[in-house]
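**Student:** Right, I'll just put the structure down here and ask away after.
Throughout, read-outs are computed from the coordinates displayed, never taken from laboratory work. The structure displayed is predicted, hence computed values, not measured ones. Positions of Cβ are generated from backbone atoms using ideal geometry, with glycine treated the same way; all protein chains shown enter the neighbour counts.
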Amino acid sequence: MTGPVTVTEAEALKLDAGDPGHRDLFDIPPADGGSYPEVAYFAGNSLGLRPKATRVELLEDLDSWAALGVEGHLDATRPWLPYHELLTGPASRLIGALPSETVVMNSLTVNLHLLMVSFYRPTAERFRIVIEDSAFPSDSYAVRSQARFHGFSPAEAVVRLKPRPGEDVLRTADVVEQLAPDVALVLLGGVNYLTGELMDIPAITAAGHAAGAVVGWDLAHAAGNVPLSLHDWDVDFAAWCSYKYLNSGPGALAGAFVHERHLGEDLQRFEGWWSTDATSRFEMAPESRPPATADAWQVSNPPIFSMSPVRTSLELFDKVGIGVLRERSVQLTAYLERLLAEITPARPLQLITPSDPARRGAQLSLRIGGARTAGELAKVLRYEFGVIADAREPDVLRLAPVPLYSQYHDCWRAVQALAEVVPENE
Ligand SMILES: *Cc1c(COP(=O)(O)O)cnc(C)c1O
C-alpha cells in the first residue's frame with residue numbers, strides 16, 4: 001500500500017516561508033475544532049475571500065452617506081457620481097483593455113444579455129450561437145433565451161461543443177472546425193468553470209472572425225486568474241463577475257468589455273440615463289447622447305456600496321499585478337498537481353484539467369470514482385479536515401489554489417486529506 005504524500009509538512013511550510021503571497025491582506029475563515037486554526041481554502045474560484053481593506057473602505061463609503069446625505073454625490077471622499085470611473089482603470093489593466101473599452105456594472109449574466117442585444121444580431125442565414133456543452137448553465141440559458149427572443153428555436157440555434165469521445169477538454173482545432181458560415185456568435189468561457197481549461201482566446205477569436213462571426217468571451221473564471229489582452233486579441237466583447245478570483249464579495253458587480261472598434265458604432269443597445277454622456281446627463285433631455293465608450297452600455301446609476309468592494313479588490317490586483325500573480329499561480333498549481341500525482345494512480349481520482357500550464361489557470365478538477373459522490377467527498381474534506389473544495393455533482397471535485405492567499409501548506413493539507421479519505425483501488 002502506498003501511503004499518503006511523501007512530501008513532508010515541514011517541506012510545505014518551508015516553501016510558504018519563502019513565498020508567502022499576500023495572505024496577510026485577507027481574512028481566512030477559521031476551521032473550528034480541527035488540527036489547524038484556519039481552513040485550507042480552495043473555493044476561491046467560486047467565492048473569493050475578503051480582503052481586510054474591504055471592510056474598512058466600505059465603512060468609509062457608508063459613513064459618507066451618514067455625513068453628507070445627497071451631497072455625497074459630489075462631496076464624498078470618493079464622490080458617488082463618478083464613482084464607477086475609479087474602477088475602470090484597474091479593471092481595464094487587469095483584462096488588457098483600454099479604459100474606454102471597460103466598465104464595471106450589473107452582474108455577469110445581465111451584462112451578457114446587454115452585450116448580446118448589441119452583438120447577437122441574427123439573420124435567417126446566420127443565426128447560430130456556439131457555446132461549450134459544459135458551459136455554465138446561466139450562459140446556456142442566456143443564449144437560448146436570446147435565440148428565442150429573436151424568433152429562433154434554441155435547439156436549432158445553439159451549437160454545443162463537446163470534447164472528443166474519451167476526452168475531457170476541447171481542442172482548439174475542433175472548436176475552429178465548428179465555426180460554419182451560419183454562426184452569428186461564438187460565446188465561450190475563457191477558462192471553463194468545470195474542467196479549468198484555459199481556451200486559446202486569440203486563436204478562437206481570430207477563427208471566429210475569419211468565419212464571419214462575432215466573438216464574445218465569458219471571463220468569469222479567467223478574470224483575476226490569468227493575464228488577458230482583450231484589446232490586442234481583438235475580442236468583440238466580454239463580461240466577467242467579480243466574486244470569484246476578484247474577491248469582491250457574493251453577487252459583486254460584474255465587468256464588461258467592448259472593443260474600441262465597436263465604440264461609437266450605431267449599435268442596438270438598451271439604454272437608461274447612465275448610458276448618456278456624463279456631462280449632459282443632468283440636462284434631463286428626452287434623447288440620450290451615448291459616449292463612444294463602454295460606459296454607453298450602463299443603464300442605471302450604480303450601487304455605490306456594491307462598487308466599493310470591487311474597487312478595493314481591483315486596486316489590490318493593480319498593486320500586485322496579474323503577471324506576478326500568474327507566476328505564483330503556476331508554481332502553486334504545479335505543486336498541487338505534483339502532490340496529487342502521488343496519490344491519484346492508486347485511487348479512483350483522475351485529473352481532467354490540462355497538464356500544460358499554458359492551458360489552465362489556478363484550478364485543478366478531479367473526476368472521482370468510488371462510493372462517494374463529489375458532494376459527499378467535499379463534505380468529509382470540509383468537516384473532518386477543514387479543507388474547503390468545491391463539488392460539481394455527481395463526480396467532479398474542483399480545487400483552486402489562489403495565488404493571492406493560498407499556500408503550499410494548503411495544497412499539502414488537501415492532498416493529505418484526499419489520500420486518507422479516498423480508499424485505494426482494490
Ligand atoms: C459564475 C458564473 C456565472 C454566474 O452568473 P451570475 O450572473 O454572476 O450569477 C455565469 N457564467 C459563468 C461561466 C460562471 O462561471
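**Student:** Distances over 37 Å make up what percent of all Cα-Cα pairs in the chain?
**Tutor:** Tail of the P(r) past 37 Å holds 27 percent of the pairs.
**Student:** Most exposed first by the Cβ proxy, i.e. fewest other Cβ within 10 Å, how do 284, 307 rank?
**Tutor:** Fewest to most other Cβ atoms nearby, the residues stand as 284, 307.
**Student:** Sticking with this one: Could you order the peptides 80-87, 212-219, 396-403 from most to least packed, using the average number of other C-beta atoms within 10 Å per residue?
**Tutor:** 396-403, 212-219, 80-87
**Student:** Just the number, please: Stokes-Einstein D of region 82-320 in µm²/s, Kirkwood Rh from C-alpha pairs, 25 °C, 0.890 mPa s.
**Tutor:** Approximately 136 µm²/s, per Stokes-Einstein.
**Student:** Follow-up question, since we're still on this one. If only Cα atoms are counted, what is the Rg of region 279-421, and what is its Dmax, in Å?
**Tutor:** 21.5, 70
**Student:** Next up: Which three semi-axes in whole Å describe the equivalent ellipsoid of region 53-112, each the square root of 5 times a Cα gyration tensor eigenvalue, listed largest first?
**Tutor:** Semi-axes from the Cα gyration tensor: 25, 12, 12 Å.
**Student:** Sort the following peptides by mean Cβ neighbour count (other Cβ atoms within 10 Å, averaged over residues), highest first: 381-394, 5-18.
**Tutor:** 381-394, 5-18
**Student:** May I ask you to derive the relative contact order of region 326-404, considering only C-alpha pairs under 8 Å and at least 6 residues apart, and to give it as an integer percent?
**Tutor:** Value for region 326-404: 32 percent.
**Student:** What's log10 of I(q)/I(0) for region 200-340 at q = 0.12 Å⁻¹, Debye sum over Cα points only, no solvent?
**Tutor:** Debye curve over Cα of region 200-340, log10 I(q)/I(0) at q = 0.12 Å⁻¹: -0.63.
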